[in-house]
Amino acid sequence: MRIALVLTGTLLLGFASAQDPVDPKPEAQAKASAADCAAVIQKMQQEAYTDWRASIKKAREGTANDDGKPVKAVSMRPDYGPVAKKAAEFAAQFAGTDDAVQFLMLVVQFSTDKDAQKSGIEQMLNSHIDSPALAQMGRMLDYLDRMISPEFAASTKKRLLDSKNADVRGWALLASHKGSIETADRDGAEYGTAKKALLAAADAVEDKGLAKEIRGAINLREKYGVGCDSPDIAGIDLDGVEFKLSDYKGKVIFLDFWGDW
Amino acid sequence: MYPHERSLVEEMKDKPFALIGVNSDSTVEKAKAAIAKNKLNWRSFQNKGNGGEISKDWAVAGWPTVVILDENMKIHYRGHDGEAATKIAEELVAKMEAGNK
């Protein structure tokens, strides 16, 4: 899909410059070349992955013909270092425009250098706080504390709340209040405040998936969380005999979601 | 986890306690093989794979997940820590027994 969009962009630019070769619209050109750069990154990313798979295959074949040689070590993940480096170059090239955001995001995603990741996030917060593209940071917020530090994660979430974009604020609110929704006393002020803020955010965001995720977190706590009356379960046991969880009402129930794997 | 659950069921057999499983193996045969091999001693619902209806309703995202319900089916614990769950269940049982005396 992205490739198709890139091609369309290139074609449009082709037409534009054919019609007006003297004065190509600078905006259209900037847009198309940002898409071109994104395509370059995507290609590098695919190549890094293909190389990695090939090296695993090679190592495995080596083991299959085992003649006493030790098994070759294979890296745990593709080498995305060059991808991160290239993304940083593109981010610098588009600095000052929101096109830079997608490349900064890739730097944060693919770099293994904490300082580079930190600086990527800071640039996004400093220069692109209102860009809708910043919503891509949403899923990153949950592991930012492990990726950088808990303090940095907290200050990032706080700063995202100043965005003019409702989806960006929605992600930041969800990440900030998830803990309260999951564990705070449901009759207490902390839970009430978190729930009120999140429900307002769910109404305000444009991203339907995000709204569903916000409401789902509250629903989970209020239907299946600590303090709730458990919904009944009706099903069949492993011999096909029908039974209900409520058959065991009157006893303390240890409900164990298990599997042998 | 199996030995712990097995002995818990054994220890609590004369008490107001029930260990109920929601089994998420892909087939009943697989579940039954595990039961035979590990001498498991509790009744389980069939969830039919880890994308099954029961775990989906309960939004279970990691296995094993344990939920502790009191005698009125109110939820007292939900999480992945078998030891913490056991402690809460034992406390609830003790409280029931104290109340019945």
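The values are calculated or read from the model by the stated rules, or taken from the named source; none is laboratory data. Predicted, not measured: the structure shown is a model, and the values here were computed from it. Cβ: placed from backbone, ideal geometry, glycine included. Neighbour counts: every protein chain shown.
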Quiz prompt | Cross-chain or 6+ apart pairs with Cβ under 7 Å, the stretch A:190-206 first and free of Cβ contacts under 8 Å to residues at least 40 places away in the same chain, then surrounded by fewer than 20 Cβ atoms within 10 Å (Cβ to Cβ) and acidic (D, E) | solution = A:Y191/A:D185
Quiz item: Does B:V93 meet the test of being closer than 17 Å to A:K251 by Cα and surrounded by 14 or more Cβ atoms within 10 Å (Cβ to Cβ)?
Solution: yes
Quiz item: Which residue, of A:M105, A:M140, is assigned to a helix (DSSP H, G or I), in the same structural domain as A:L161 (by TED's automatic domain parsing) and either over 20 Å from A:E47 (Cα atoms) or among the hydrophobic types (A, V, I, L, M, F, W, C) (or both)?
Solution: A:M140
Quiz item: So which residues in the stretch B:34-52 are under 15 Å from B:A18 (Cα atoms) and within 7 Å of chain A (Cβ to nearest Cβ)?
Solution: B:R43, B:S44, B:F45
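Being under 23 Å from A:D232 (Cα atoms) and hydroxyl-bearing (S, T, Y) is the requirement here; does B:S7 meet it? Spell out how you get there, then give the answer.
Numbers: under 23 Å from A:D232 (Cα atoms): no; hydroxyl-bearing (S, T, Y): yes.
Considered against the rule, which asks whether it is under 23 Å from A:D232 (Cα atoms) and hydroxyl-bearing (S, T, Y), B:S7 comes out as no.
Look through B:A94, B:A33 and report the one residue that is over 26 Å from A:V226 (Cβ atoms) and either at pLDDT 90 or above or touching a Lys or Arg at 6+ places or on another chain (Cβ under 8 Å) (or both).
Result of the check over B:A94, B:A33: B:A33.
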Quiz item: Of everything in the stretch A:216-245 that's loosely packed, with under 15 Cβ neighbours inside 10 Å and in a helix (DSSP H, G or I), which residue is farthest from the other protein chains (Cβ to nearest Cβ)?
Solution: A:E222
Quiz item: Looking only at residues in the stretch B:1-33 that are at the interface with chain A (Cβ under 7 Å from one of its Cβ atoms) and basic (K, R), which one is nearest to B:G62 (Cα to Cα)?
Solution: B:K30
Quiz prompt | Selection count where residues are touching a strand residue (DSSP E or B) at 6+ places or on another chain (Cβ under 8 Å) and more than 9 Å from every other protein chain (Cβ to nearest Cβ), scope the stretch B:53-78 | solution = 0
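What about A:S180, is it among the polar types (S, T, N, Q), outside the structural domain of A:K164 (by TED's automatic domain parsing) and modelled with pLDDT of 90 or more?
On the way: among the polar types (S, T, N, Q): yes; outside the structural domain of A:K164 (by TED's automatic domain parsing): no; modelled with pLDDT of 90 or more: yes.
Taking the combined requirement at face value, the residue does not satisfy it.
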Quiz prompt | Options A:K85, A:K118: the member that is closer than 24 Å to A:Q46 by Cβ, in a helix (DSSP H, G or I) and out of contact with any Gly (no Cβ under 7 Å at 6 or more places or on another chain) | solution = A:K85
Exercise. Output the number of residues of the stretch A:191-215 satisfying the condition of being crowded, with 17+ Cβ neighbours inside 10 Å and among the β-branched types (V, I, T).
Key: 2
